[in-house]
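S.K.: Dumping the structure here so I can ask a few things about it.
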Amino acid sequence: EFFKQANQYGSKSALSHYHHAEMLLQDLSKDTENAALADSARGELEAAIQLRPNFAAAHYSLAHLSLMLGRGFEEGIPHAEVAIRLEPGKPQYQLALVGLLFYSKKLAEARAALEPLLTAETEDGYKASAESLRDMIEDSINRKRSLEDLVNHGRPVQPKEP
């Protein structure tokens, strides 16, 4: 409530806007259908970035907001990329980018962005998430390839019985 009040009175602190947005994101995680809450969080994060363009955590939170809402994936990609460029050692930033690329159906890009997490020494939770994402990406690529084969070559080939 204090952050909200400070921001309503025109705070020029990027941290004030960011922390208010983080509180809104916590509430939004319990009710992702609340458009007003999502818009408020987005507005606070955008204000924080406007005040401090090199604020990696705010860029990440905007990217993560798209994942939370299940839409606006394309809009989140540049924010994840900026966060990674500003703070390259954060695996959660990389995972957000991979998720955004995956849901934007940019499967080859998602696979390439995931590679550093699969080969780097990261915490087990991040490694497990990366491996799970890898499996989802590979499954999607295989399904897409099978569908393309079906469309381009007609009916699927039935295995012959011995």
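The values are calculated or read from the model by the stated rules, or taken from the named source; none is laboratory data. These numbers were taken from a predicted model, which means no experiment stands behind them. Every residue, glycine as well, gets a Cβ built from its backbone with ideal geometry; the counts of neighbours run over all protein chains shown. These area figures cover heavy atoms from the full protein model, side chains too; ligands, DNA and RNA do not enter into them. Shrake-Rupley method; radii C 1.70, N 1.55, O 1.52, S 1.80 Å.
S.K.: If you scan region 68-94, which residues turn out to be at pLDDT 95 or above, under 26 Å from ALA35 (Cα atoms) and aliphatic (A, V, I, L, M)?
M.R.: ILE77, ALA80, VAL82, ALA83, listed by residue number.
S.K.: Among (1) assigned to a loop (DSSP other than H, G, I, E, B); (2) of a type in the set (S, T, N, Q); (3) over 28 Å from LEU114 (Cβ atoms), where does ASN54 come up short?
M.R.: Going through (1) assigned to a loop (DSSP other than H, G, I, E, B); (2) of a type in the set (S, T, N, Q); (3) over 28 Å from LEU114 (Cβ atoms) one by one, ASN54 breaks only (3).
S.K.: Okay, next question. Hey, can you tell me all the residues within region 125-162 that are of a type in the set (Asp, Glu), at pLDDT below 85 and either under 33 Å from the mean Cα position of the chain (by Cα) or surrounded by 13 or more Cβ atoms within 10 Å (Cβ to Cβ) (or both)?
M.R.: GLU148, ASP149
S.K.: If the Cβ limit is 6 Å and pairs must be 6+ apart or interchain, which residue in region 93-114 that is closer than 12 Å to HIS64 by Cβ pairs with which residue that is open to solvent by less than 20 Å² (accessible area, probe 1.4 Å)?
M.R.: TYR93/ALA83; ALA96/ALA63; ALA96/ALA80; LEU97/ALA80; LEU97/ALA113; LEU100/GLY76; LEU100/ILE77; LEU100/ALA80
S.K.: Failed condition for GLY76, given (1) outside any loop (DSSP other than H, G, I, E, B); (2) in contact with a helix residue (DSSP H, G or I) (Cβ under 8 Å, 6 or more places away or on another chain); (3) open to solvent by 70 Å² or more (accessible area, probe 1.4 Å); (4) of a type outside the set (A, V, I, L, M), with all others met?
M.R.: Every listed condition holds for GLY76 apart from (3).
S.K.: Considering only residues that are among the small types (Gly, Ala, Ser) and either in a loop (DSSP other than H, G, I, E, B) or within 23 Å of PHE55 (Cβ to Cβ) (or both), look in region 79-124 and name the one that is farthest from the chain's Cα centre (by Cα).
M.R.: ALA120
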